[in-house]
Amino acid sequence: MTGPVPQIDSPVGVIAGGGVLPFAVADALQTRTITPLLIGLRGFCDPNEIARFRHHWISIGQFGRLKRLLRTEHCRDVVFIGSLIRPALTSVRLDWGAFRVLPRVMAAYRGGDDHLLTSIGRIFEGEGFRLRGVKDVAPELLMPPGELTKAAPDTRHRADIAKGQAVLAALSPFDIGQAVIVIEGHVVAVEDIGGTDALLANLARLRGQGRIAAKPGRGVLVKAPKTGQDLRFDLPTLGPRTIEGVAAAGLAGVAVAAGNTLVAEPQAMIAAADKAGLFVTGVPA
């Protein structure tokens, strides 16, 4: 259940990283007659797609410019969305506005990714902005409960899903990752800084080397946010590219946290999964 959608002021500032999700959020806002203002992160946001919307560009570290843009455009509600590789401090272009909050940013870098994102969010809230999540502005982009595909998990798959959920819950305090692969009761891989695509590619490589004993068509990729994670940031994401990786890795399907996982390009994703004979299911958190 996603709960009631809060009242959102128009326009909404969409801080856009990589991938298709920033534009899916912007389209969803327009459907609700809310104007999106996209602020693209240079080096991450797609310049062709962002051209469909009113937009500006910033570099990572231009906190002062970002604040000025949002206030000039009357955006009190702000959403951070899209892929973003954790930058090295040497690559961050700090402006004068960023220097004022630099001690807090430096402190945030000492923690894991979730700590960093939450700390940045608190800085924005301290400046008078309202940080919103996808649940607030585009709940239709979240994974529903149950199967989206023709295939469904059987009893063995359900046991692997339950074990994967338990592993992710146990790892949550360490801020490691949001995905795990379980095959016939064995935990064979855990997501690290490389992300889900790298996790699946590595499993496919191991299978090609004969190091995975289980036959193709068994095992599950399980994805869920960390326990206590600020769900306005960095939700697990599922899309056609994930399905390609799952198929190449020889798994049976994907199980993700219903209501807490973003679904990119759902029609293409479901078509790809059905073609590969994979299941995609939303399970309770």
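The values are calculated or read from the model by the stated rules, or taken from the named source; none is laboratory data. Everything quoted here is computed from the prediction, not taken from an experiment. When we count neighbours, we look across all protein chains shown, and the Cβ atoms used for this are built from the backbone with ideal geometry, even at glycine.
Here are the numbers:
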| quantity | calculated |
| --- | --- |
| Any hit, segment 210-220, residues being touching a Lys or Arg at 6+ places or on another chain (Cβ under 7 Å) and either over 20 Å from Phe174 (Cα atoms) or not basic (Lys, Arg) (or both) | no |
| Hey, Ile15 modelled with pLDDT of 95 or more and touching a Phe, Trp or Tyr at 6+ places or on another chain (Cβ under 9 Å) or not | no |
| Residue under evaluation Arg100, criteria (1) of a type in the set (D, E, K, R); (2) modelled with pLDDT under 90; (3) more than 19 Å from Gly121 (Cβ to Cβ), criterion not met | (3) |
| Matching residues, segment 220-233, being touching a residue at least 60 places away in the same chain (Cβ under 8 Å) and surrounded by 23 or more Cβ atoms within 10 Å (Cβ to Cβ) | Val220, Val222, Ala224 |
| Neighbours by Cβ (under 9 Å, 6+ apart or cross-chain): first from segment 267-284, more than 14 Å from Leu238 (Cβ to Cβ) and among the acidic types (Asp, Glu); second in a loop (DSSP other than H, G, I, E, B) and modelled with pLDDT of 95 or more | Asp274/Thr149; Asp274/Lys150; Asp274/Ala151 |
| Sole residue being within 13 Å of Met143 (Cα to Cα) and of a type outside the set (A, V, I, L, M), chosen from Glu184, Glu265, Glu244, Glu191 | Glu265 |
| Residue that is modelled with the lowest pLDDT, among those in segment 170-191 that are over 20 Å from Gly253 (Cα atoms) and under 19 Å from the mean Cα position of the chain (by Cα) | Asp175 |
| Residue under evaluation Leu37, criteria (1) under 30 Å from Gln7 (Cα atoms); (2) buried (at least 16 other Cβ atoms within 10 Å of the Cβ); (3) at pLDDT below 95, criterion not met | (3) |
| Residue within segment 162-178 that is closer than 30 Å to Ala271 by Cβ and hydroxyl-bearing (Ser, Thr, Tyr) present | no |
| Odd one out for Gly194 among (1) out of contact with any Phe, Trp or Tyr (no Cβ under 7 Å at 6 or more places or on another chain); (2) in contact (Cβ under 8 Å) with a residue 12 or more places away in the chain | (2) |
| Among the candidates Ile161, Ile123, residue that is part of a helix (DSSP H, G or I), at pLDDT below 90 and not polar (S, T, N, Q) | Ile123 |
| Residue list for segment 141-178, filter: farther than 17 Å from Pro236 by Cβ and touching a helix residue (DSSP H, G or I) at 6+ places or on another chain (Cβ under 7 Å) | Thr149, Lys150, Pro153 |
| Wholly within segment 166-285, strands (runs of 3 or more DSSP E) carrying at least 2 residues that are within 30 Å of Glu125 (Cβ to Cβ) and not charged (D, E, K, R) | 253-257 |
| Elements of type helices (runs of 4 or more DSSP H) contained in segment 1-76, each with 3 or more residues being within 18 Å of the chain's Cα centre (by Cα) and of a type outside the set (D, E, K, R) | 21-31 |
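Condition check ((1) touching a Phe, Trp or Tyr at 6+ places or on another chain (Cβ under 7 Å); (2) without any contact (Cβ under 8 Å) to a residue 24 or more places away in the chain) across all residues:
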{"residue": "Pro22", "(1), (2)": "no, no"}
{"residue": "Thr31", "(1), (2)": "no, yes"}
{"residue": "Ile39", "(1), (2)": "no, no"}
{"residue": "Arg42", "(1), (2)": "yes, yes"}
{"residue": "Asn48", "(1), (2)": "no, yes"}
{"residue": "Ile60", "(1), (2)": "no, no"}
{"residue": "Gly64", "(1), (2)": "yes, no"}
{"residue": "Glu73", "(1), (2)": "no, no"}
